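Have a look at the structure below, then the notes.
The values are calculated or read from the model by the stated rules, or taken from the named source; none is laboratory data. Being a predicted model, the structure only gives us computed values, none of them experimental. Glycine gets a Cβ as well: all are built from the backbone with ideal geometry, and neighbour counts include every protein chain shown.
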Amino acid sequence: MIRKLLPHPLLTLLLIVAWQMLVNKLTLGNLVLGAILGLVIPILTAPYWPNRPRLRSLPRIVEYILVVLWDIVIANIQVAGIILFKRNASTRPAWINVPLRLHTPEAITVLAGTITMTPGTISSDLSADGHTLLVHCLHAPDPDAIRDQIKSRYERRLMEIFE
Amino acid sequence: MIVEILISVFLVISGIFGLVGSVGLVKLPDPMMRLHAPTKATTLGVGGALIASLLFFYFVVGRFSYHELMITLFLFLTAPITGHFIAKVHIHRHETRDSLPGTGSDRPWATFESDAERIRAEGHEL
């Protein structure tokens, strides 16, 4: 019964909180409206979540977010340096392929999004079998180092969160 | 006073990175490299303006504003998707199977695989 009414309790909670944040003002009316949305949307969208992954531990998720935010700041400064002070002839753009150990679709999506948000790398394609990610680098004098960094910094942490 | 300086610093940071992103769009030579420039403007450029706005509402207006956090969340959800779309268009128009590095298996990058090839490889319809 409770499973039928709340197929996705976390999504319900997220929707209620997101609604309060969007309205920017906590009143009883908004809370009720948020609760209605939080109840109805998960039930309507349940068919689109056939086997959703279990998230392992909250501290690791927080750690991952902090690591990514820090990397975004550092990488922004590096890329600004490349754009402003490096001549086009001396930048070395490169395609690199990153073999994946992750196989949960949600985890691969998070990894691809992280790679795009950290400046200097953009994830562009996935191999048809879902085992390799194609990444474009703005300046990659040493493609292996970038591949190793993606694998050890992001993929290892996502393995611990998702699998 | 200190708060005003802090807010100004974040606004200046935001402006600088927004400008650098735009300079990159003009300066970099090919579409894939140019795609890197806007990802800067959306992260530190917009991020700086959002932090400045948060500080302003908290210390000057005197209430906490959640909208900045929501904007950050939505940006992080949507920016990689548009970037992925543009990269995909570039691959369709300017790259071939041989111009990209290998996938490490006998199946190609997803952009290049036709439906017939996929059915042959997986042995069933979707």
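Worth a mention:
- Top-ranked residue in region B:77-111 [being more than 22 Å from residue B:44 (Cβ to Cβ) and touching a residue at least 24 places away in the same chain (Cβ under 8 Å); ranked as farthest from the other protein chains (Cβ to nearest Cβ)]: B:94
- Answer residue from region B:65-76, given it is hydrophobic (A, V, I, L, M, F, W, C) and either facing chain A (nearest Cβ under 9 Å) or surrounded by 12 or more Cβ atoms within 10 Å (Cβ to Cβ) (or both) and is nearest to residue A:114 (Cα to Cα) among those: B:76
- Of all the criteria given as (1) in contact with a Leu (Cβ under 9 Å, 6 or more places away or on another chain); (2) at pLDDT below 85, the one not satisfied by residue A:103 is (1).
- Test result for residue B:70, touching a Pro at 6+ places or on another chain (Cβ under 9 Å) and assigned to a helix (DSSP H, G or I): no
- Any hit, region A:111-119, residues being modelled with pLDDT under 85 and either in a strand (DSSP E or B) or assigned by TED's automatic domain parsing to the domain that holds residue A:74 (or both): yes
- Candidates B:39, B:78: the one that is among the hydroxyl-bearing types (Ser, Thr, Tyr), in a helix (DSSP H, G or I) and in contact with a helix residue (DSSP H, G or I) (Cβ under 8 Å, 6 or more places away or on another chain) is B:39.
- Close pairs (8 angstrom Cβ cut-off, 6 or more residues apart or separate chains): farther than 23 Å from residue B:119 by Cα in region A:114-136, modelled with pLDDT under 90 and in a loop (DSSP other than H, G, I, E, B) anywhere: A:119/A:138; A:120/A:138; A:120/A:139; A:121/A:138; A:136/A:93
- Residue tally, condition assigned to a loop (DSSP other than H, G, I, E, B) and either over 23 Å from the mean Cα position of the chain (by Cα) or closer than 20 Å to residue B:73 by Cα (or both), over region A:9-62: 5
- Of note, residue B:44 satisfies the criterion of being in contact with a Phe, Trp or Tyr (Cβ under 8 Å, 6 or more places away or on another chain), surrounded by 13 or more Cβ atoms within 10 Å (Cβ to Cβ), aliphatic (A, V, I, L, M) and within 10 Å of chain A (Cβ to nearest Cβ).
- Only a single item in (1) surrounded by 14 or more Cβ atoms within 10 Å (Cβ to Cβ); (2) touching a residue at least 12 places away in the same chain (Cβ under 8 Å); (3) closer than 30 Å to residue A:16 by Cβ is not met by residue B:59, and it is number (1).
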